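Nothing in this text is a laboratory measurement; each read-out follows from the coordinates by a stated rule. This one's a predicted model, so the numbers in the text were calculated from it and none came from an experiment. Neighbour counts are summed over all protein chains in view; Cβ atoms, including those assigned to glycine, are modelled from backbone coordinates with ideal geometry.
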Amino acid sequence: MSGFHDAGKRKKLGQNFLVDDSVVRRIVAAARVGEGDRVLEVGPGKGVMTRMLAATGATVTAVELDGDLYGRLVADEELASKVTLVRGNALKVDLSTLDAPYHVVANLPYSVGGAIVERLIGERTRVARMTVMLQAEVGRRMVAKPGESPFGTLSLFIAQYCDGELLFTVPPEAFRPAPKVDSVVIRLTPLAEPRVNVDDEVAFFAFIHEAFVHRRKTLWNNLRERFGDRDRFDTACEKAGVPPTDRPERVGLAQFAALYEAWGAGE
């Protein structure tokens with residue numbers, strides 16, 4: 001009976017254990033960490049990546065939510081002597097206790113991977129770099145560029161605060177249990193300052209969300225209620241260097257900032 005319940009809990013937590021050592025080695029190599037670096041690993045699971053990270057000489061803190069897995073990690077005396085193990089939720093654990101700057105290296109749970117990245121971006125002044133694995137759909141959206149099919153509001157949010165790149169794809173057979181979709185490893189490097197300067201970032205991203213409310217419609221169709229007047233909208237597009245007939249997935253962050261500024265100036 002306990003095995004059944006454990007399986008259900010693992011599924012709920014979105015846990016797919018990476019069992020292909022060659023993929024783990026690629027992730028650790030991509031993280032480019034070593035002696036003197038500090039690393040935060042989210043969701044160490046059975047500790048495969050944790051051991052490889054510790055072997056680089058980096059100082060590793062691993063945060064595990066699952067009590068059973070945490071117990072097994074702590075029981076491994078050799079591992080526990082090299083790594084700081086914390087039982088907690090990565091969405092809630094106090095990250096201010098970590099010495100900064102630190103690198104994030106993780107195989108993130110599908111169910112909350114995006115939320116964890118968003119939280120870490122909130123901590124970006126203390127984060128050197130993130131090398132993380134996510135569900136392919138989410139990871140590709142994070143690093144997509146204007147004109148690419150996954151490009152959207154998440155892409156723009158990431159671009160405001162980080163340089164992002166897709167490193168490689170990981171097939172389902174690298175995991176146990178095997179998920180039904182591919183995964184990707186991405187690298188996010190926080191910027192010293194947000195990429196564009198706007199007066200109110202919350203309002204700016206609300207503007208962007210409105211522009212994407214119907215992806216297949218033009219910017220004008222999505223933003224007509226906000227601008228009201230077509231001539232005003234066309235003038236804003238001219239200033240921003242955006243064709244008024246463009247769809248939102250073709251518009252970059254700086255262009256959205258210029259549109260937002262032009263809209264605000266006309267209020």
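Taking the number of other C-beta atoms within 10 Å as the exposure measure, put D99, D66 in order starting with the fewest.
On the way: D99 9, D66 18.
Arranged by neighbour count, lowest to highest, D99, D66 become D99, D66.
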Practice item. Could I have the simple spin-label model distance between S149 and L191, label points 7 Å from Cα toward Cβ, reported in nm to one decimal? Key: 2.8 nm
Check your understanding: Which pairs break 28 Å Cα to Cα here: K92/K217; K46/K180; K145/K239?
Key -> K92/K217
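Thinking of the chain as a set of Cα atoms, what percent of all their pairs are more than 32 Å apart?
On the way: 11369 of 35511 pairs.
When every Cα pair of the chain is considered, 32 percent fall beyond 32 Å.
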Revision key, fill the gap. In nanometres, the difference between 0.36 nm per residue of separation and the alpha-carbon distance of S81 and T218 is 43.6 nm
**Study point:** 10 Å Cβ shell holding at most 10 others, DSSP loop, trypsin sites (Lys or Arg not before Pro): longest site-free stretch of the chain
**Key:** 1-91
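D229 to V74: FRET efficiency via 1/(1 + (r/R0)^6), r the Cβ-Cβ distance, R0 45 Å, to the nearest 0.05? Don't skip to the end; give the middle numbers.
Values: r = 64 Å, r/R0 = 1.42.
Between D229 and V74 the formula returns 0.10.
Between E238 and E118, what length comes free when the chain is fully extended (0.36 nm per residue of separation minus the Cα-Cα distance, one decimal in nm)?
Numbers: separation 120, 0.36 × 120 = 43.20 nm, distance 3.26 nm.
Extra length from E238 to E118 when fully extended: 39.9 nm.
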Study note, to complete from the structure: Applying the gyration tensor rule to the Cα atoms of segment 82-230 (axes a ≥ b ≥ c; rounded if a/c under 1.5, else prolate if a/b exceeds b/c, else oblate), the class is oblate
**Study point:** Extension reserve of the H209-A254 stretch, reckoned as 0.36 nm per residue once the Cα distance is removed
**Key:** 14.7 nm
Exercise for review: Could you pull out the GluC sites (Glu not before Pro) across segment 51-148 that fall in loop regions by DSSP (anything but H, G, I, E, B) with no more than 14 other Cβ atoms inside 10 Å?
Suggested key: E148
Point to revise | Exposure proxy ranking, count of Cβ atoms within 10 Å, fewest first, for H214, H103 | key: H214, H103
